[in-house]
Amino acid sequence: MSNQKVVLITGVSSGIGRVAAELFAAKGCRVFGTVRNPAKAKPLRGITLVEMDVCDESSVRRGIEHVIQQAKCIDVLVNNAGVAMLGAVEETSVAEAQSHFDTNVYGILRTTQAVLPYMRAQRSGRIVNVSSVLGMVPAPYMGFYSASKHAVEGMSSSLDHEVRKFGIRVSLVQPSFTRTSLDSNAAEPEVKIADYERERRMVFEAVQKAIQTAPEPIVAARTIVKAALGPWKLRHTPRGRATILALLRRFAPNSAVDMGLRKTFGLS
């Protein structure tokens, strides 16, 4: 019987997910990567593309069944697909917030629930959920992105307790800003409030500046591969700003962390 790991990773069209898929393949894994439209996706050498929309339960179920038919098992699930959102809490509609959570939280729930029966049957598995440093700390004008990642953190930590008796473990990867299109393409509220305009613009400019000097996707991708294939640990932070922020959150006074965040985002 082959010892080749079967890895399913969501959202491999670009960015961290695409690089992580390539790294898993380089490690000798059999890799399936999900995309919403395979016809428009750029092919990845050594990786089988699977059509899947994490916001559509039927699509998720079909995608997982396709992988099982091809590979007979799934050893690793990496929930990477996600979106960003920039705007004040007050100016974000309930519908916009729900749409955001539908991808970032319920998307993970759908894929996890679809994969878990197979992992329970084989009595083994690793689930890696890509969170963010904003799952540890708040961020002005990114309230619902931060809230979605806080939700992923809580769900993942609880799930790990529930499934470890089946030989399954859950890990989190918490990147900081990464040089991808995720943050630069962040959704914004349709109806904006003028009183927030100046600070919202300042935060947006600070985010764009941070992205320009941020690590390349391979830094976060390496951390994902380590979390998936290495010894289990609940939380993993890529080296650099994410690790520093995690240490500050753990050991520094809240007032110092608060002041540092406001400075980072250009707020007085």
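Element breakdown for the chain at a 1.4 angstrom probe: carbon and sulfur atoms account for 52% of the accessible area.
Would you mind getting me the FRET efficiency between GLN212 and ASN3? Use the beta-carbon distance for r and R0 = 35 Å, nearest 0.05. Can you show the working numbers first?
Details: r = 42 Å, r/R0 = 1.20.
Working from the Cβ atoms, E equals 0.25.
The label point for TYR106 and the one for ARG123, both projected 7 Å from the Cα toward the Cβ, are 3.6 nm apart. Once both axes come from the Cα atoms, what is the angle between helix 143-163 and the longest principal axis of the chain, in degrees from 0 to 90, rounded to 10? So the inclination is approximately 30 degrees. Based on DSSP H segments of at least four residues, each scored -39500 (n - 2.57), the chain has a per-residue ellipticity at 222 nm of -15500 deg cm²/dmol. Here the label points at LEU248 and GLU90, each 7 Å from Cα along the C-beta direction, are separated by 2.7 nm in the simple model.
Taking the centroid of alpha carbons for each part, the stretch 93-168 and the stretch 245-268 are 25 Å apart. From most to least packed by mean Cβ count within 10 Å, the peptides 60-71, 106-117 give 106-117, 60-71.
Report the gain in length on full extension from GLU65 to GLU162: 0.36 nm times residue separation, minus Cα-Cα distance, nm rounded to one decimal.
Values: separation 97, 0.36 × 97 = 34.92 nm, distance 2.35 nm.
Full extension from GLU65 to GLU162 adds 32.6 nm.
Between TRP232 and SER58, what length comes free when the chain is fully extended (0.36 nm per residue of separation minus the Cα-Cα distance, one decimal in nm)?
Values: separation 174, 0.36 × 174 = 62.64 nm, distance 3.11 nm.
Gain on extension, TRP232 to SER58, equals 59.5 nm.
Neighbours of VAL170 by Cβ distance under 10 Å: Lys/Arg scored +1, Asp/Glu scored -1, total +1.
Average projection, convex hull of the Cα set of the stretch 119-268: 10.4 square nanometres.
Output the relative contact order of the stretch 161-238, whole-number percent, from Cα pairs under 8 angstrom with separation of 6+ residues. Don't jump to the answer; show the numbers that get you there.
Details: 62 pairs, mean separation 43.2, N = 78.
Contact order relative to length: 55 percent.
With respect to the chain, whose longest principal axis is taken over its alpha-carbon atoms, helix 106-122 is tilted by about 30°.
The values are calculated or read from the model by the stated rules, or taken from the named source; none is laboratory data. The structure displayed is predicted, hence computed values, not measured ones. Cβ atoms come from the backbone with ideal geometry, glycine included; neighbour counts cover every protein chain shown. Heads up: the accessible areas ignore ligands, DNA and RNA and are worked out on the full protein's heavy atoms, side chains in. Shrake-Rupley method; radii C 1.70, N 1.55, O 1.52, S 1.80 Å.
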